[in-house]
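One structure below.
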Amino acid sequence: MALSRGTAKLIFFLGTLSSLILFLILTVDTHRQVKVLTHAENLSDQVVQGKHVWQKYNCNDCHTILGFGGYYAPDMTKVYQRIGKEGIQQAVKKPEVAFANGWRKMPQQNVQDQEVENLVAFLKWVSEIDTHDWPPQDSKKVASRAAIRMVAAAGVSPGAALFKEKGCFNCHKLGGVGGAAGPAMEGVGKKYDLKKLAQYIMDPVSVDAKSKMPKQDVAPDQAQQIAQFLADLR
């Protein structure tokens, strides 16, 4: 049965109208939820100043944030969760050290100390925005799967849970899963004894002056548990 011209027009207009109505509903709903999803109550003056720093140094030329920017350097949407305050500070202040082993290089921008603090505040706020598990490379599901395998291998361990919770997977691999900024963790328990390994986790430079790993926000008892977990993987 051939489709008449009138029926085709009706289908076109109905389809267009329904799509427009759906688009408007979703747009209104998104604007209605923006304050909740972005935690607008935490949008302080320092966060705003940090956004100005981001723009001043044209960070979007190389980095993507919230889906906007370049693709040369890592996505910064969840960078605070990935490497923390100390990691961001080191990358901005000493990029030649932070990226010494990577093929991608970051220029020295000579960012002032207060500007760095403001930038960290901005990136922390962005990382707390509910992006529905985006971008996928920072999805906690990937680390969760690896953590499940490692916990199964090492037994139920508080250290295994802390290894995941503290973001160690962001820079280190275990079982082939994780980041590549630092070395894989298999066998690290053979390199250091338990006490020295715990100290390394908290303050790497105090154990190895050549370490490029920034100081970590880990309590002594937590470091001890993570060290025990890594030692048990030997």
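Each reported figure results from applying straightforward, stated rules to the coordinates on display, with no laboratory input. All values derive from a computational prediction rather than experimental measurement. Here the Cβ positions follow ideal geometry from the backbone for every residue, glycine too, while neighbour counts run over all protein chains shown.
So the values come out like this:
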| quantity | calculated |
| --- | --- |
| MRE, 222 nm, helices only [DSSP H, n ≥ 4, -39500 (n - 2.57), over the chain, to nearest 500] | -17500 deg cm²/dmol |
| Cα-based Rg of the chain normalised by 2.2 N^0.38 Å, two decimals | 1.32 |
| 5 angstrom amide H check on A184, placed H, neighbours 5+ away | K173 |
| Loop trypsin sites (Lys or Arg not before Pro), segment 168-233 (other Cβ atoms within 10 Å of the site Cβ: 10 or fewer; DSSP) | K210 |
| Rel. contact order, % - alpha carbon contacts under 8 angstrom, at least six apart, the chain | 16 percent |
| Among V48, V28, V177: highest mean-square fluctuation, GNM of the chain, C-alpha pairs under 10 Å | V28 |
| Fewest-first ranking of I83, I226, I21, using other Cβ atoms within 10 Å as the exposure measure | I21, I83, I226 |
| DSSP H segments from the chain that extend 15 Å or more along their own axis, Cα-based, with Kyte-Doolittle mean of -0.5 or above | 5-38, 113-127, 140-154, 220-232 |
| Taking C59, C171 and counting other C-beta atoms within 10 Å, the order from fewest to most | C171, C59 |
| Relative exposure of T30, T77, judged by other C-beta atoms within 10 Å (fewest first) | T30, T77 |
